[in-house]
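Reviewing the structure listed below.
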Amino acid sequence: MSAATTAPFLSVEKLSASFADRTGQLSVLRNLSFSVPRGQFVCVLGPSGAGKSTLLRLLAGLLPTNAGRILFAGEPVRGPQAGVGLVFQDANLMPWRSALDNVALPLELRNNPDAIDRAWDMLQLVGLQGFELALPSELSGGMAQRVAIGRALVQDPQLLLLDEPFGSLDALTREKMGEELLRIWELEHKTVVMVTHDINEALYLADRVLVLGKRPASIKLDMPVKLARPRTPQLRYSPAFGRMAARLRAAIE
C-alpha cells in the first residue's frame, strides 16, 4: 500500500499558463486542477508539446502562472520553494566536482557543517558506494542520474519533481533506474510528481497517472494505479497492467 494520506499536500487550482512566441501568445495549460496527498507518487503523461515540463516548472515556482494558483503545504507558490527538489533529464553535474561534492553542493551553499557526511550517506542510499570520489566524466549516464537524484534528496525535500529523469538512458538502464527509484521512494516516502513519456514506466512507478490532453492542456484522465506494492518486474506482464496500459494509450492518442 502507498504511504500517502488523504489530505491534499499539493493543490493545483484552475491553473493556466501562456507564453509569448513569434506569433503572439502561446497557450500551454488551461484550467488545470488536481491535488496530491502527502506521500503519493504521481506520474504525468501526455502527447509531445502538451506542457508536461511547463507544469513541473510551475510547480517548482520557476515560471509564473497566468491564472489560478498552486498551493504547496497550504501556502501559495510564488517562486522557488524550500522543501522542493527538482531533477531534470540532464543530470547537470559540475564536471570538476566529484560525485560526493556534487551531492554536497546544496548543503554547502547553506553553510551546513554536515554537508559532506550527509552527502556520503546519500550516495550510499542511491547505490553509489565506491564512486564517491569519481568525476562525472567517469560515471555512466545512469550513475550520473543517481547523483542528480541524490543531490535533490540530500536537501530532504518534502516534494520531489522529476522531469523525464531517465529519458536519455537506454531501455535496460532506464528499467534498472526505475527499480532504484522505487527502492528509494519506499525508504523515503517523499511526495513525487514525475513527468515521463513511457506508459509502462508510469504504471510501474506510480500510485496515480495524470494524462494531459493536447495544448492548451487540461487533465484528460486521472487514473489510480491499483497495483499492489511492493512491485516486481513480473507485474509488467500481468493482465491488469496490460489493461491499464491500454487505457492510458487510448487517452494519449
### Message
Testing S168 on (1) outside the structural domain of L58 (by TED's automatic domain parsing); (2) within 30 Å of R229 (Cβ to Cβ); (3) of a type in the set (S, T, N, Q), one condition comes back false. Which one is that?
### Response
(1)
### Query
Given the stretch 160-253, what helices (runs of 4 or more DSSP H) lie entirely inside it while holding 1 or more residues that are under 24 Å from L29 (Cβ atoms)?
199-205, 239-252
#### Entry: Verdict on G68 being within 23 Å of the chain's Cα centre (by Cα), exposed (fewer than 13 other Cβ atoms within 10 Å of the Cβ) and assigned by TED's automatic domain parsing to the domain that holds E188
no
### Message
Consider the stretch 98-129. How many of its residues are assigned to a loop (DSSP other than H, G, I, E, B) and either assigned by TED's automatic domain parsing to the domain that holds V192 or over 16 Å from G141 (Cα atoms) (or both)?
### Response
6
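Conditions tested, residue by residue: (1) touching a helix residue (DSSP H, G or I) at 6+ places or on another chain (Cβ under 9 Å); (2) more than 30 Å from K226 (Cα to Cα).
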residue: Q40; (1), (2): no, no
residue: G49; (1), (2): no, no
residue: T54; (1), (2): no, no
residue: T65; (1), (2): yes, yes
residue: A73; (1), (2): no, no
residue: R78; (1), (2): no, yes
residue: V103; (1), (2): yes, yes
residue: L107; (1), (2): yes, yes
### Task
Mind counting the residues in the stretch 136-158 that are farther than 18 Å from L107 by Cβ and touching a strand residue (DSSP E or B) at 6+ places or on another chain (Cβ under 9 Å)?
1
### Message
Of the residues R236, R215, only one is surrounded by fewer than 17 Cβ atoms within 10 Å (Cβ to Cβ), out of contact with any Leu (no Cβ under 6 Å at 6 or more places or on another chain), assigned by TED's automatic domain parsing to the domain that holds E180 and at pLDDT below 95; which?
### Response
R236
### Message
With the structure loaded, tell me whether A50 is touching a Lys or Arg at 6+ places or on another chain (Cβ under 8 Å) and in the same structural domain as R208 (by TED's automatic domain parsing) or whether it fails that test.
### Response
yes
### Message
For the stretch 189-213, give me each residue that is touching a residue at least 40 places away in the same chain (Cβ under 8 Å) and of a type in the set (D, E).
### Response
E201, D207
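The values are calculated or read from the model by the stated rules, or taken from the named source; none is laboratory data. Quantities reported herein were computed from a predicted structural model and do not represent experimental measurements. Virtual Cβ from ideal backbone geometry, glycine too; neighbours counted across all protein chains shown.
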